[in-house]
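A.B. asks: First the structure, then my questions, so here it is.
What follows draws every value from the coordinates through simple rules; no lab data is involved. All values derive from a computational prediction rather than experimental measurement. Cβ atoms come from the backbone with ideal geometry, glycine included; neighbour counts cover every protein chain shown.
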Amino acid sequence: MKTRLNSNTFDLPVQELRRGYRSDIYFWREKIVLEQHNMHPNATTQVFQKKEAVLCGIDEAIAVLKLGSGRYKDYAKAYKLFDRLMELKQDGRRHYIGDREKYLKVIEEKLEITRALDDLWEDGFGELEIDALFDGDLIHPREPVMHINGDPSLYAHLETIYLGVLARRTKIATNVRNVVKAANGTTILFFPARFDHWATQGGDGYAAFIGGASVVSTDAQAEWWGAKGSGTVPHALIASAGGDTVLAAKIFNESYPDTDLVALVDFDNDCVGTALKCAREFGDKLWGVRLDTSENMVDKTIIRQMGDFYPNGVIPELVFDTRAALDAEGFNHVKIVVSGGFNPEKIARFEALKVPIDAYGVGSCLMQGENDFTADVVQINGSRCAKAGRWFKPNARMERVNIDQ
């Protein structure tokens with residue numbers, strides 16, 4: 001039986017969602033126009049996108065609707081309170097470091113205003129009926145992933161938010177699934193945190209999990225699915241240790257003895273030589289080595305072989321040489337992790353050559369592309385009413401959302 005994430009999983013800015021602060025202004029104005037003119041039809045809003053994809057973000061979108069659907073009892077009071085809340089948000093940033101007492105007073109007032117806004121809010125989620133697919137479902141072009149049925153004045157202002165959530169999460173999940181498919185069972189390490197804004201990490205990590213990645217690099221990326229971040233010795237630690245990879249790995253292991261020791265071995269542009277130095281030093285303690293040679297560099301081991309293949313970066317020949325050197329000295333247990341410019345096409349080439357890789361670290365390619373979603377009103381009071389080219393499409397795969405979740 002498929003399950004959904006509970007709405008309290010997501011750290012949503014509830015007051016900002018309700019006020020339309022993060023929505024395209026025309027959606028907020030639609031809501032107000034409908035309310036002021038006492039127009040409350042029973043609408044069916046249909047959500048879809050245009051690619052073969054791995055759906056993700058549906059539970060988060062439902063949470064947006066659950067916490068943000070409704071109306072204010074007194075808009076004038078709500079506007080005034082919300083404006084003050086935004087002022088306090090700025091004040092808190094100013095006082096956080098310099099004046100602890102003022103900062104705490106700001107926090108106290110924010111809580112009071114939040115409670116007052118909650119009291120002014122009339123929840124509308126219980127008046128809606130939502131049918132939706134599940135995170136992780138494979139979806140087809142133009143297949144409806146969600147139907148929202150009810151008074152559009154309750155949820156019109158949320159369209160920007162739930163469509164953006166679906167677009168982002170589905171893009172990440174689909175990109176990860178493509179990499180996982182190319183890797184043909186080899187472990188995928190989700191390492192794109194440095195390539196995007198920090199605030200995206202929770203949802204992106206969950207989307208990576210939905211797409212099939214087994215390891216993420218930050219605790220925030222792992223939070224929604226109950227795991228922790230993982231990682232290897234970084235270049236910066238090696239530099240701080242005077243460029244001594246063995247020393248960096250040694251002090252790392254002393255500080256984190258329960259963490260698998262993975263030595264980063266390209267600092268001196270000699271992956272084979274450095275891998276052997278680490279293996280000789282640590283023996284069975286060494287879980288693996290990571291090759292991360294820049295695509296602008298040719299490793300020392302490769303220079304003498306150059307002539308009939310592209311030599312730059314992490315290439316199959318470098319991995320084969322590293323594996324052979326480790327095995328020749330009895331270090332068969334040491335695993336090989338590769339990173340740097342890997343995408344589905346590059347991974348597929350490596351897999352076709354049966355390059356002895358135990359894990360791929362994949363980064364920026366997982367952020368690329370788009371999976372745009374669209375929402376259309378397609379029925380009013382049970383009858384067709386949609387823009388030209390759009391119409392209601394039933395989808396037997398969707399299931400009714402439990403409003404109590």
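A.B. asks: Pop the C-beta distance of Arg84 and Gln36 into the FRET formula with R0 = 35 Å and round what comes out to the nearest 0.05.
C.D. replies: On the way: r = 24 Å, r/R0 = 0.69.
The formula returns an efficiency of 0.90 here.
A.B. asks: Once phi is turned into ³J(HN,Hα) by the Karplus curve 6.51 cos²θ - 1.76 cosθ + 1.60 with θ = phi - 60°, what whole-Hz value does each residue of region 26-32 show in order, with x for glycine and proline?
C.D. replies: 5, 6, 5, 5, 4, 4, 5
A.B. asks: Pop a pseudo-label 7 angstrom from the Cα along the beta-carbon direction at both Arg22 and Ala324 and give the gap in nm to one decimal.
C.D. replies: It works out to 5.4 nm between the two label points.
A.B. asks: Can you tell me the FRET efficiency between Ile97 and His333 if r is taken as the Cβ-Cβ distance and R0 is 45 Å, rounded to the nearest 0.05?
C.D. replies: Working: r = 49 Å, r/R0 = 1.08.
FRET efficiency, Ile97 to His333: 0.40.
A.B. asks: Quick check: the distance between the Cα centres of region 73-92 and region 148-227, to the nearest angstrom?
C.D. replies: Cα centres, region 73-92 to region 148-227: 31 Å.
A.B. asks: Using a simple charge model, +1 on the beta-carbon of Lys and Arg, -1 on the beta-carbon of Asp and Glu, nothing else, what dipole does region 277-405 show about its Cα centre, in debye to the nearest 20?
C.D. replies: Using Cβ point charges on Lys, Arg, Asp and Glu, region 277-405 gives about 480 debye.
A.B. asks: Using a basic spin-label model with each label point 7 Å from the Cα along Cα→Cβ, how many nm lie between Met1 and Ala227?
C.D. replies: Each label point lies 7 Å from its Cα, and together they span 2.6 nm.
A.B. asks: Let me ask another. How big is the dipole moment of the chain about its Cα centre under a simple scheme where the beta carbon of each Lys and Arg is +1, that of each Asp and Glu is -1, and everything else is neutral? Debye, nearest 20, please. Mind dumping the intermediate values first?
C.D. replies: Details: 49 positive and 58 negative charges, 170 e Å.
Roughly 820 debye, rounded to the nearest 20.
A.B. asks: State the Cα centre-to-centre distance between region 315-347 and region 14-55 in whole Å.
C.D. replies: About 50 Å separates the Cα centre of region 315-347 from the one of region 14-55.
A.B. asks: Report ³J(HN,Hα) in whole Hz for each residue of region 12-18, in order, from the Karplus equation J = 6.51 cos²θ - 1.76 cosθ + 1.60 where θ = phi - 60°; Gly and Pro get x.
C.D. replies: Along region 12-18, the couplings run 8, x, 4, 5, 5, 5, 5 Hz.
A.B. asks: Please work out whether region 1-158 counts as rounded, prolate or oblate from its C-alpha gyration tensor, where a ≥ b ≥ c are the square roots of the eigenvalues and a/c under 1.5 means rounded, while otherwise a/b larger than b/c means prolate and anything else oblate?
C.D. replies: oblate
A.B. asks: Still on this structure, I have one more. Run through region 265-323 and list the chymotrypsin sites (Phe, Trp or Tyr not before Pro) located in a DSSP loop whose Cβ has at most 13 other Cβ atoms within 10 Å. Show your work: numbers first, answer last.
C.D. replies: Numbers: sites: Phe267, Phe282, Trp287, Phe309, Phe320; in loops: Phe267, Phe309.
Hits after loop and neighbour filter: Phe309.
A.B. asks: For region 241-251, take each phi angle, set θ = phi - 60°, evaluate the Karplus expression 6.51 cos²θ - 1.76 cosθ + 1.60, and give the result in whole Hz per residue in order, putting x for glycine and proline.
C.D. replies: For region 241-251, the Karplus curve yields 8, x, x, 9, 5, 5, 5, 4, 5, 5, 6 Hz.
A.B. asks: A further question on this structure: What length, rounded to one decimal in nm, is gained on full extension from Ile107 through to Asn395, with 0.36 nm per residue of separation minus their alpha-carbon distance? Don't skip to the end; give the middle numbers.
C.D. replies: Working: separation 288, 0.36 × 288 = 103.68 nm, distance 4.61 nm.
Gain on extension, Ile107 to Asn395, equals 99.1 nm.
A.B. asks: Among Ala241, Pro356, Thr174, whose Cα lies farthest out toward the positive end of the dipole of region 174-367, if unit charges sit on the beta carbon of Lys, Arg (+1) and Asp, Glu (-1)?
C.D. replies: Farthest towards the positive end: Thr174.
A.B. asks: Moving on. What nm value, rounded to one decimal, do you get for the distance between Asp219 and Arg115 when each label is placed 7 Å out toward the C-beta?
C.D. replies: Modelled inter-label distance: 3.1 nm.
A.B. asks: Set Lys and Arg Cβ to +1 and Asp and Glu Cβ to -1, take the dipole of the chain about its Cα centre, and tell me which of Ser69, Val378, Ala325 lies farthest positive.
C.D. replies: The listed residue farthest towards the positive side: Val378.
A.B. asks: If you don't mind, there's one more thing I want to ask. Shape of region 174-367 from its Cα gyration tensor (a ≥ b ≥ c, root eigenvalues): rounded if a/c is under 1.5, otherwise prolate when a/b > b/c, or oblate?
C.D. replies: oblate
A.B. asks: Please state the relative contact order of region 174-367 as a whole percent: Cα pairs under 8 Å, 6+ residues apart? Mind showing how you got there, number by number?
C.D. replies: Numbers: 343 pairs, mean separation 45.4, N = 194.
23 percent.
A.B. asks: Let me ask another. Picking from Leu120, Pro152, Tyr162, whose Cα lies most toward the positive end of the charge dipole for region 97-196 (charges on Cβ: Lys, Arg +1; Asp, Glu -1)?
C.D. replies: It is Tyr162, whose Cα lies furthest towards the positive end.
A.B. asks: Let's see if you can work this out: charge +1 on each Lys and Arg Cβ, -1 on each Asp and Glu Cβ, no other charges. What is the dipole magnitude of region 161-268 about its Cα centre, in debye to the nearest 20? Each step should come with its number before you reach the end.
C.D. replies: Working: 8 positive and 10 negative charges, 130 e Å.
It works out to roughly 620 debye.
A.B. asks: Further question on the same structure: Gaussian network model of the chain, Cα springs within a sub-10 Å range: biggest mean-square fluctuation belongs to which of Asp74, Asp204, Asp137?
C.D. replies: Evaluated over the chain, the most mobile residue of the options is Asp74.
A.B. asks: Given the -39500 (n - 2.57) contribution per DSSP H run of 4+ residues, what per-residue ellipticity at 222 nm results for the chain, rounded to the nearest 500 deg cm²/dmol?
C.D. replies: Helix-only estimate at 222 nm: -13000 deg cm²/dmol.
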